[in-house]
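Beneath this line is the structure, given in structure tokens, with notes to follow.
The values are calculated or read from the model by the stated rules, or taken from the named source; none is laboratory data. Values in this document were obtained by computation on a predicted structure and should not be read as measured data. All Cβ positions, even for glycine, are placed from backbone atoms using ideal geometry, and neighbour counts span all protein chains on display.
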Ligand code: AP5
């Protein structure tokens, strides 16, 4: 199963990707996570992308495409993968089709109002990358601590309101050609991501199974909270 997740900041790309990753044991490839890790390690790539990520601007296509190309050469993508936050521009979508074949692109449609509230409550585990929310499920069982490894949860630097607004503007300015690209090639699935995960995920999963995109057997039981 080779999926692409498209959605504005706060649409839930990370939590949807996490669900499929955990249940079917396929990697979640988040370009945002890769950049944040490189920035925190102070690598050459991190230094090149730091100012874009901090301002909520798109990193130049040639850098992102190179990063994804390299990542998709790793052996763990054999059974499939979920791309979270890539492609974000038409040249990225076209480049991706030259690197590999994509089964479906899922557009998680979220209203700005809902997404802003979600982002203000988002907390992330710095150790395993799991995403929580202090207002919505999945909430951490113990206040501000990861359920899996007990690490103290953190807030992302780019979740401050000014940067969030800029990320929104950038998303809506650039995403239309990407959505059209997948619509025209009959690979687009649109989902109302304002709804709860409980309402959306079972329907989405069934659609993927019924269309023959999802043929994998679950590797563990994952509950939607
Ligand atoms: P990236 O890390 O991709 O950030 P983003 O697109 O702004 O998306 P977010 O991670 O904020 O949102 P999400 O949809 O994953 O939400 P989540 O699942 O956490 O990119 C960061 C930066 O990197 C970019 O600004 C850019 O600079 C650069 N970059 C990355 N990729 C690039 C590319 N391809 N090209 C160029 N530059 C690139 O959910 C949010 C919160 O809501 C969570 O707390 C979650 O628990 C909660 N939640 C989610 N869904 C629900 C629901 N249905 N009900 C209740 N709560 C929910």
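Quick notes on this structure:
- In this structure, residue 62 does satisfy being modelled with pLDDT of 95 or more and either exposed (fewer than 15 other Cβ atoms within 10 Å of the Cβ) or within 19 Å of residue 191 (Cβ to Cβ) (or both).
Every residue, every condition in (1) in contact (Cβ under 8 Å) with a residue 24 or more places away in the chain; (2) surrounded by fewer than 17 Cβ atoms within 10 Å (Cβ to Cβ); (3) outside any helix (DSSP H, G or I); (4) within 11 Å of the ligand (Cβ to nearest atom), yes or no:
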residue	(1), (2), (3), (4)
115	yes, no, no, yes
120	yes, yes, no, yes
126	yes, yes, yes, no
132	no, no, yes, yes
141	no, yes, yes, no
158	yes, no, no, yes
162	no, yes, no, no
166	yes, yes, no, yes
177	yes, yes, no, no
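- Of the residues making up segment 68-75, at least one is surrounded by 15 or more Cβ atoms within 10 Å (Cβ to Cβ), under 17 Å from the mean Cα position of the chain (by Cα) and touching a residue at least 40 places away in the same chain (Cβ under 8 Å).
- Scanning segment 1-56 for residues that are away from the ligand (no atom under 12 Å from the Cβ) and outside any helix (DSSP H, G or I) yields 1, 2, 3, 25, 26, 27, 42, 43.
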